[in-house]
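Below is one structure, written out as structure tokens, with a few remarks after it.
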Amino acid sequence: AEPLAATAGGLFLSLSDAIPLAGHLYHWKSHALIDNVSMTLAEELNAEVTPLATATTDTSGQFSLTSTLPGERLLSASKEITDNDISRVITSADALAALKIAVGLNPNGDQSLEVSPYQMIAADVNKDGRVNSADALQILKIAVGLSDSIPQEWLFVNEGESFWDESANSGVGAYNFTNKEILWDSEGLSFVSPDTVNANFVGVLLGDVNGSWSPPEGAETLSHSYFSELEEAGVGPAQQWFSFPLA
């Protein structure tokens, strides 16, 4: 599916009488398509959000839904935490990775691999828009199972939201994300009802900074060519998803 072009406030498309929506959801690092994600299409009017339609992703991480009313819309995704999401996923290694990000170090073993924006989103467990030692401490609490730890949670990022500035770094390009300014549209995908739209989301498990979450056995995954197409479309470099060409 083609990625959508982003704007500062989300994705805004042309007005129509119908809203056929379809897309898929996948984990940012494993590229596994995620099932049982609840999708909600809502109307945004005078700061009030009214649900219009719902759907759930299938075993291939796909969803589709339709609403016939035009207007401002919000598409959001949510998923309950399962035993698979909890088992040996968030560890002290994630706390250390968050601490490294907080002090400006690269937590990835391969230092040529830049910190992905999705890693920073995962590290910002208290959701205050920055990564610091407080986040690292909270992740450590999650890892050891303390009762006052921040609950684990799935976050879903609009795939079309670009964190890459092609003109930065003397034209080489750079992420416009920093550990002190983590800005993304956490409410979902905002748009004005289109004729048709492919709305894809990237799944991030809060606190899983190194992306060690693995899908249930048999889950489908996206190929490197998928992320190459996102790179060509200007969404971001394929390495943003830790995607590399086959040797």
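The values are calculated or read from the model by the stated rules, or taken from the named source; none is laboratory data. A quick note: this is a predicted structure, and the numbers were derived from the prediction, not measured. Ideal geometry is used to build each Cβ from the backbone, glycine not excepted, and the neighbour counts take in all protein chains shown. With ligands, DNA and RNA removed, areas are computed over all heavy atoms of the protein, side chains included. Shrake-Rupley method; radii C 1.70, N 1.55, O 1.52, S 1.80 Å.
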Which strands (runs of 3 or more DSSP E) does the range 8-72 wholly contain that include 2 or more residues that are at pLDDT below 95 and in contact with a Leu (Cβ under 6 Å, 6 or more places away or on another chain)? 38-45, 48-56, 62-67
Of all residues in the range 100-116, count the ones that are surrounded by 18 or more Cβ atoms within 10 Å (Cβ to Cβ) and among the hydrophobic types (A, V, I, L, M, F, W, C). 3
Those residues of the range 194-213 which are crowded, with 18+ Cβ neighbours inside 10 Å and closer than 21 Å to L21 by Cα, in sequence order: P194, V197, A199, N200, F201, V202, G203
For residues that are closer than 20 Å to N126 by Cβ and part of a loop (DSSP other than H, G, I, E, B), tally how many sit in the range 164-187. 9
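Residues checked against (1) open to solvent by less than 30 Å² (accessible area, probe 1.4 Å); (2) at pLDDT 90 or above; (3) closer than 23 Å to D83 by Cα; (4) touching a strand residue (DSSP E or B) at 6+ places or on another chain (Cβ under 8 Å):
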position	(1), (2), (3), (4)
A98	yes, yes, no, no
N126	no, yes, yes, no
R130	no, yes, no, yes
S170	no, no, no, no
In the range 228-247, which residues are surrounded by fewer than 17 Cβ atoms within 10 Å (Cβ to Cβ), touching a helix residue (DSSP H, G or I) at 6+ places or on another chain (Cβ under 7 Å) and in a loop (DSSP other than H, G, I, E, B)? F244, P245, L246
Six or more apart or on different chains, Cβ atoms under 8 Å: show the pairs whose first residue is in the range 19-47 and in contact (Cβ under 8 Å) with a residue 40 or more places away in the chain and within 13 Å of K79 (Cβ to Cβ) and whose second is open to solvent by less than 10 Å² (accessible area, probe 1.4 Å) and of a type in the set (S, T, N, Q). L25/T57; L25/N200; Y26/N200; L33/T57; I34/T57; D35/T57; N36/T57; V37/T57
Just one of Q138, Q119, Q152 is under 16 Å from T91 (Cα atoms), touching a residue at least 40 places away in the same chain (Cβ under 8 Å), open to solvent by 20 Å² or more (accessible area, probe 1.4 Å) and assigned to a helix (DSSP H, G or I); which is it? Q138
Taking the criterion of being touching a residue at least 12 places away in the same chain (Cβ under 8 Å), under 19 Å from R130 (Cα atoms), surrounded by 15 or more Cβ atoms within 10 Å (Cβ to Cβ) and not hydroxyl-bearing (S, T, Y), would at least one residue in the range 214-227 satisfy it? no
Which numbered condition in (1) surrounded by fewer than 21 Cβ atoms within 10 Å (Cβ to Cβ); (2) at positive phi; (3) within 15 Å of the chain's Cα centre (by Cα) is the only one that G188 fails? (1)
